[in-house]
Amino acid sequence: MGEAPEAAMRRILDELEANRKSRRTAWATLQRLRKFLEVNGARIKIPDDRSFETEGEAIESGLKRTIAGRDAVMRSLIQAVYRFRDAALVDEKKDDFGSALQNLYRELERAENVVGPS
């Protein structure tokens, strides 16, 4: 025997309500993630037609751009540190000391701008 029509209807309504709650929770989580990333310097577009898919894609794109930008700044800072180290320690590169120091300060400032004040 199948379940009574009232019980089946109640089960369907309960599943529908659970689905609504799940979607509200998922949307709230996406918005918290968006806000966190924006507060930490990410630029995230607001899609014209906001849906879970378009919102997720916008957040993913903003996150990828932010990480790529931070990676580029870190690579430049690392190169500046090595250049300065060589100018300070390698006899053949001592003439580059002043320029290497200026470059190091410039890259440190760039990194501070990305990370923000401590």
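Report, in deg cm²/dmol and to the nearest 500, the calculated mean residue ellipticity at 222 nm for the chain, where each DSSP H run with n ≥ 4 adds -39500 (n - 2.57) and the sum is divided by the residue count. That comes out to -28000 deg cm²/dmol.
Which of the aspartates and glutamates could a cross-linker bridge to residue 64, judged by Cα under 19 Å and excluding same-chain residues fewer than eight apart? Filter leaves 38, 53, 55.
Once divided by 2.2 N^0.38 Å, the Cα radius of gyration of the chain becomes 1.94.
Which of 62, 98, 41 moves most in a GNM of the chain, Cα contacts under 10 Å? In this elastic network of the chain, the residue with the biggest mean-square fluctuation among 62, 98, 41 is 98.
Highest GNM mean-square fluctuation among 78, 12, 46, for the chain modelled with Cα contacts below 10 Å: 12. Pairs of Cα atoms nearer than 8 Å and 6+ residues apart set the relative contact order; for the chain it is 17 percent. For a modelled paramagnetic label at residue 93, 7 Å from Cα along Cα-to-Cβ, the residues of segment 66-80 in reach, with backbone nitrogen under 15 Å, are 76-80.
Spacing of the modelled spin labels on residue 64 and residue 26, each 7 Å from Cα toward Cβ, amounts to 2.1 nm.
Readers should treat all values here as calculations from the given coordinates under stated rules, not as data from a laboratory. All values derive from a computational prediction rather than experimental measurement. Glycine gets a Cβ as well: all are built from the backbone with ideal geometry, and neighbour counts include every protein chain shown.
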